[in-house]
Every structure is written in C-alpha cells, then in structure tokens.
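The values are calculated or read from the model by the stated rules, or taken from the named source; none is laboratory data. Quick caveat: nothing in here was measured; it's all calculated off a predicted structure. Cβ coordinates were reconstructed from backbone atoms using ideal geometry, including for glycine residues, and neighbour counts include every protein chain displayed. For accessibility, only protein heavy atoms count, side chains too; no ligands or nucleic acids. Shrake-Rupley method; radii C 1.70, N 1.55, O 1.52, S 1.80 Å.
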Amino acid sequence: MKKLTIEQRKKLIGSAFVAPWVIGLLLFWVYPMIASSVMSLFQITPYYAGFRWEFIGLANFNRILRIEARFLDQLVPFMFRTIVMAPVIVLFAVVVALLLNQKFPGRGMFRAVFFLPVLFTTGGVIITLMTDGGMDTAETAGAAATTSVSFLNSEALMDLVHRFMPPRIAVALSDVLDSFVLVLWYAGIQITLLIAGCQSIPGTIYEAASIDGANAWETMWKITLPGILPFILISLIYTIVDLSSLIDNPILELINDAMANPLTQGMGLASAIGWVYQVVIMLLIGFVFFMFRKATPKQ
C-alpha cells in the first residue's frame, strides 16, 4: 500500500474537519431549500395515511401576492421596522465598541455586561419579554415596561415622530422606541465584532497620526471608522438576518398558520411564503452591500 505524503495527509485531515459542516449544510440547508422550492409548486393536503400532491404551478405565489392581502399587510410594516431597527442597533454597537476599546479600569467587566443579554434573552426569557406569555393584564403591562424607556415612550416624543415622519416610517420608529431596551439587548454580538474590528487596526497607524498632529476626533473619523467599515457591514447583515427570525415575526406566524391548516393552506402555501420572504431579505442584504460598496473609498 502506497504511503500518503505529508501534503496528502494534511488535505485528508482538513477534509475530515470540514466534513461535518458539509454534511450539515447538505442535510439541514440544501435539502430543505430544494424540498421547499418543490413544495411551493404543489397543493399538499392530507390524504388517508399520507399527503396528496397536486401540481398547481405558481398558484401559491399568486395567492399570497395578488389574491390575499394578508401576507403583504404583514410584510410591509415588518420590513419598515427592520429597516429602522437595524441601523439603530448597529449605530449603538459602534458607539459602545468605540468606548469599550478605550483603556480604562474594569474594561473587561463592562464588555461582559454588554454581552450578557445575548446569553439571557433567549428561549423563554425573550418570549416573555416580547409577548404577553399568557399573563394577565397587570403582568403584561409590567413585562412591556421592561422593554421600553419612559422618555423614549413619552407622548410628546411620539407626537413629534408622527408629525414630522412619513406614516410608515413613523409607525416603525414608534415600534422601535417602544421596545428600545430590546434593541439595545440585540447589540451584543455586533459590539463584540466591532471591538475585534477596532483591535485589528495596527497601533502604528495611530502613532503616525499622533506624530502628524491629528487629535482624537480626527483619528476616529479618518482611521477608526474607515478601518472598521467591513465589520460594520458584517454587523448590519447579521442584524438583518437576526431580526428576520425574531420571535414576534408576523411572517413566521403566517407560515405556522399555513402549516396548521393543511386543508385550506398547507405546506405548499407555507413554502411559497417562506421563499418570497427569503427573496425580500436577500434583496435588502443586496442593497446594503451595494450601499457599502459605494461608500467604501476606492484604492
């Protein structure tokens, strides 16, 4: 038997490490994508011990986009909310990352504090905070109070928002202000990414800028922010994807409703809703890439 060379052994070891990820990708991403795309072209209804598949072409897409207004009525406000909330989260993360990148006593503790909500606001905790969780009226009001800031939720501020903003933007912004604590809690991962971006900038650049007489304000705008621009892009894309799967996502509720009513809607309609929603999210991410490409200075 021919012995493997060192280079072949390295490739084999690398392939062994990558294999679980490739298998998981094929089983839990590629296969569901193909299966859902096929199901979206069928009317799938219960039939004895299984399901009856009736090919209907693009009828499911026509139903959700042209015949029934429920999907678009839920999609449009949610997308406006995402468009408003994502920049707010990333902007907050940038400010906090710039502050936590400075040298001061207890810096590690403050970094941990800003990341802790990522660990705590999962599962039942985030469900309770963002929904009533089956509680009575008084408890529901208490839970809602934990997700809002009294100043940002004041009637005077809300009146200014609705007076000077377009209606759809005003509604989305009001929703963001009403749950501003949750907006801040969703910035933990982004803060971590941006701190790593700040630390990736060589210290020699700051030393050279200091020698040339640049102050802290000029250094931030000329060196730090351009240097972390790729990390801001990653943070914004992550935020959009994260917001698209929020527990109170109305589109996911539509998908669940379709799955729960197989006689009138079914898996075919649910798959069509999921595909249209995915295309919208991908278009939004593509727009973000385009804007960052325009904003990035050419070498």
Quick check on packing: order 223-229, 208-214 by the mean number of other C-beta atoms within 10 Å, highest mean leading. 223-229, 208-214
So if I place +1 on the C-beta of Lys and Arg and -1 on the C-beta of Asp and Glu, and nothing else carries charge, what would the dipole magnitude of the stretch 1-55 be about its Cα centre? I want it in debye, nearest 20. 520
Simple spin-label estimate for residue 282/residue 109, 7 Å along Cα→Cβ, in nm, reads 4.8
Between 37, 5, 27, whose Cα lies farthest towards the positive end of the dipole of the stretch 1-75 when Lys and Arg beta carbons carry +1 and Asp and Glu beta carbons carry -1, centred on the Cα centre? 5
Order the following by accessible area, largest value first: 282, 85, 39. Probe radius 1.4 Å; ligands, DNA and RNA are ignored. 282, 39, 85
Output for the stretch 75-110: trypsin sites (Lys or Arg not before Pro) sitting in coil per DSSP, at most 12 other Cβ within 10 Å, listed by number, reads 103
Give me the orientation-averaged projected area of the Cα convex hull of the stretch 184-299, in nm², one decimal. 9.5
Loop sites in the stretch 1-52: chymotrypsin sites (Phe, Trp or Tyr not before Pro), DSSP, at most 14 other Cβ within 10 Å: 48
Leading residue at positive end of dipole, the stretch 222-299 (Cβ point charges), from 227, 263, 282: 227
